[in-house]
Amino acid sequence: MKKIQKYNTPLSKIETLTLEMGYQCNIRCNFCYQEDFSPKNNAPDELWREKLAPVYPSLKRVTFLGGEPTIIKGAKDFSDFIVQEHPHIKLDTITNGLAFKGEWIDKFVSNGHKIIFSLNAASSVVYDKITRNSNWDKVIANIKDLVAARKKVSSKLILEASMLVLPENIHEMGAFIQLCEKLGFDKAFFITPLFHQIKNVDRDVARRSITEACDMKDKYQRVKVEGIESILKNLFPEPDDEVAALIDRCDEHGERDSSYYDAVCKYPWNSLYVKHTGDVMVCCAAWLAIGNLNTNSIEDIWNSSHARNMRKKMAAKDYSLCKRICPFNENPSKKNKESLNVVGRKLVYRFVKDPKMTIKKIKKEAGRFFK
Ligand SMILES: C[S@@+](CC[C@H](N)C(=O)[O-])C[C@H]1O[C@@H](n2cnc3c(N)ncnc32)[C@H](O)[C@@H]1O
Ligand code: SF4
Ligand code: SF4
């Protein structure tokens, strides 16, 4: 009994909620991991209006995700509900920016904490190569309106821009930082989840691009820049002196001291990640659901055997229920002896949840890998 109580925790400890509103999207990016862009899987309103009602009083922040949140009706209604009924909760989202205007600007300037704009380019020429049905000029105009509105009322809203680095845009890394400075972003960051796509980029082109990005990072110090170092380390696993000097210039390796990894991840004690299917996880990087809101109440799920098991593992820094991409996970399961076992369990788990989607995903990943 004592042991069980040890890993129980009150619902009132939950501070952050991330809600997947569905996959519906107004544009198509050629790198997107989604298989479905239709409204058919949008989250039902009762999920956030009724089933999650007990968590709002203690929440500090909600993040709502798509698809593209600005065109999903449920995302609009959910954010209106938070602003009107629970104004102590701050809003976060990730958007492609095409429809981020009007009431979205007003809502975030008054009640927002952070918005990430997935720009992925520094020019319309490159943007048009990697996206369909979008409009670079409209996206930029929306961002300018938002920045002006933020300034007008001295809002503390944080604005970040991301670039998913691909062979098509790697040469624009420096220009991307420059654009972010010009537009008024607080942070510009680079991600490389599709490293297998850039592994064949000419190394001289990569060196020149990354050197330029480091120059821009030095020049525009108001903008926080992240993610250059990981691209360097991926592209140049055995760095020569020039690359080592670039890694030093990025100065990102110093940002996380060892105490970051010494600390126990607190997400299983204070965070909720809810999928449109009703599945509840503690974060986006944990692969096992602790319950489902269609079959159980949030009170029961929060201290279910899966939730307690997650906390127990985390307290022991056992990451076997965490994906390899998690930044806390310094010992990804793939590296240890249990790797096949864990990968197998994950696959079976995903297959049981959604066989069609799992097969589609495996085919897509295999296609990308052997490209
Ligand atoms: C799926 S999108 C949803 C939000 C919105 N539609 C957008 O693009 O900003 C969320 C984030 O995932 C990123 N993303 C897209 N495809 C990805 C992939 N294959 N691997 C990793 N991240 C990806 C996007 O750049 C975006 O920042
Ligand atoms: S805008 Fe977002 S959801 Fe839509 S295709 Fe691009 S990455 Fe995917
Ligand atoms: S995946 Fe990462 S953030 Fe999520 S619970 Fe595990 S260690 Fe924490």
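For residues in region 290-326 being in contact (Cβ under 8 Å) with a residue 24 or more places away in the chain and within 20 Å of the chain's Cα centre (by Cα), which is farthest from Leu65 (Cα to Cα)? By that ranking, first place goes to Leu321.
Does Ser134 fit the bill of being buried (at least 16 other Cβ atoms within 10 Å of the Cβ), of a type in the set (Gly, Ala, Ser), part of a helix (DSSP H, G or I) and within 15 Å of ligand 1 (Cβ to nearest atom)? Here the answer is no, as Ser134 does not meet what is asked.
Cβ-Cβ below 6 Å, separation at least six or inter-chain, first residue in region 204-220 and touching a residue at least 40 places away in the same chain (Cβ under 8 Å) and loosely packed, with under 15 Cβ neighbours inside 10 Å, second among the hydroxyl-bearing types (Ser, Thr, Tyr) and outside any helix (DSSP H, G or I): which pairs? Going by the 6 Å Cβ cut-off, there are no qualifying pairs.
Mind checking which residues of region 121-131 are in a helix (DSSP H, G or I) and of a type in the set (A, V, I, L, M, F, W, C)?
At the first step, the residues of region 121-131 found to be in a helix (DSSP H, G or I) are 124-130.
Hits for region 121-131 are Val125, Val126, Ile130.
Within region 137-173, the set of residues being part of a helix (DSSP H, G or I) and hydrophobic (A, V, I, L, M, F, W, C) comprises Val139, Ile140, Ala141, Ile143, Leu146, Val147, Ala148, Ala149, Ile170, Met173.
Applying the condition of being part of a loop (DSSP other than H, G, I, E, B) and surrounded by fewer than 18 Cβ atoms within 10 Å (Cβ to Cβ) to region 267-286 and asking which residue is modelled with the lowest pLDDT yields Cys284. Here Val126 clears all of (1) more than 20 Å from Leu164 (Cβ to Cβ); (2) more than 13 Å from ligand 2 (Cβ to nearest atom); (3) over 18 Å from the mean Cα position of the chain (by Cα) except the condition numbered (1).
The values are calculated or read from the model by the stated rules, or taken from the named source; none is laboratory data. In this text the structure is predicted, and so the values were computed from the model without any measurement. Cβ coordinates were reconstructed from backbone atoms using ideal geometry, including for glycine residues, and neighbour counts include every protein chain displayed.
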